[in-house]
Structure formats: structure tokens, C-alpha cells
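Q: This structure is in C-alpha cells; I'll ask about it shortly.
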Amino acid sequence: METDETPKTPPEVPREAPDLRFLTETDARFLISHLSGVTSVMVRVLGEHPDAGPEVAAFLRASGYEVRQETLQRMEPPPLTRFALRYQGKAATLTVAPAVPS
């Protein structure tokens, strides 16, 4: 079996991305790399956070995704990671847990 020896380059954060206060550059790269092949994203923010939802939505729009957003008051069991993704076809649901450290 042949393997592709081409070095992988990390995904680019879009040049027109908004100022990032909630997202770190590592977070942004994670999102872009895990949304390859996706055209639309439902962003679900867990709890109230002044920057998380609007910033993630704006970042994803600037990256070319169709974005919808909603707020969740709680989640059982609580998430263990800052970002959780589910996929269905070319759509993804991104759950953002601002209280979980990046």
C-alpha cells in the first residue's frame, strides 16, 4: 500500500477573520481542520458568554460557512471539551462550552 509522503500544512485562519477574544488561534485552526467538507454549521453555545457565540459565528462566516446559532442553558452530561462536533452530510453541529478551558 502506498502512502502519501506530502507534508501536511496546518489549516489557515482566514485573513478576513474578526478580532479573536474568545477563540485562540489553536481553537480557530481546530475548527477549520474539523469542518473540512462541511457547508453549514449550527453553533450551540452552552450558557451565557458575551463573546463566545457571536465570535465563533462571525469567525465561521468569515471562513465561508453558512451559520445558525442558538443558546443552550445546560447540557447533561456536561461537556468535557470546549468544542464538540456532530456531522450529518455536509452540515455540522458545533457545541461550544465556554466554561471548559481551551
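Q: Failed condition for V41, given (1) of a type in the set (V, I, T); (2) modelled with pLDDT of 95 or more; (3) assigned to a loop (DSSP other than H, G, I, E, B), with all others met?
A: The failed condition is (3).
Q: Taking the range 72-94 only, how many residues are without any contact (Cβ under 8 Å) to a residue 40 or more places away in the chain and either in a loop (DSSP other than H, G, I, E, B) or loosely packed, with under 14 Cβ neighbours inside 10 Å (or both)?
A: Here the count works out to 13.
Q: Let me ask you something else. Could you look through the range 22-38, keep only residues that are assigned to a loop (DSSP other than H, G, I, E, B) and among the β-branched types (V, I, T), and pick out the one that is farthest from T93 (Cα to Cα)?
A: Per the criteria, the residue is T24.
Q: Any idea which residue in the range 55-70 is farthest from P98 (Cα to Cα), counting only those that are in contact (Cβ under 8 Å) with a residue 12 or more places away in the chain and part of a helix (DSSP H, G or I)?
A: Looking at residues that are in contact (Cβ under 8 Å) with a residue 12 or more places away in the chain and part of a helix (DSSP H, G or I), I get A62.
Q: I want to confirm something. Restricting to the range 25-48 and keeping residues that are farther than 22 Å from L72 by Cβ and of a type in the set (V, I, T), which single residue is surrounded by the most Cβ atoms within 10 Å (Cβ to Cβ)?
A: That would be I32.
Q: For residues that are surrounded by fewer than 16 Cβ atoms within 10 Å (Cβ to Cβ), of a type outside the set (D, E, K, R) and farther than 20 Å from E25 by Cβ, tally how many sit in the range 49-71.
A: Residues flagged as surrounded by fewer than 16 Cβ atoms within 10 Å (Cβ to Cβ), of a type outside the set (D, E, K, R) and farther than 20 Å from E25 by Cβ within the range 49-71 amount to 2.
The values are calculated or read from the model by the stated rules, or taken from the named source; none is laboratory data. Values in this document were obtained by computation on a predicted structure and should not be read as measured data. In this analysis, Cβ positions are derived from the backbone assuming ideal geometry, glycine residues included, and neighbour counts consider all displayed protein chains.
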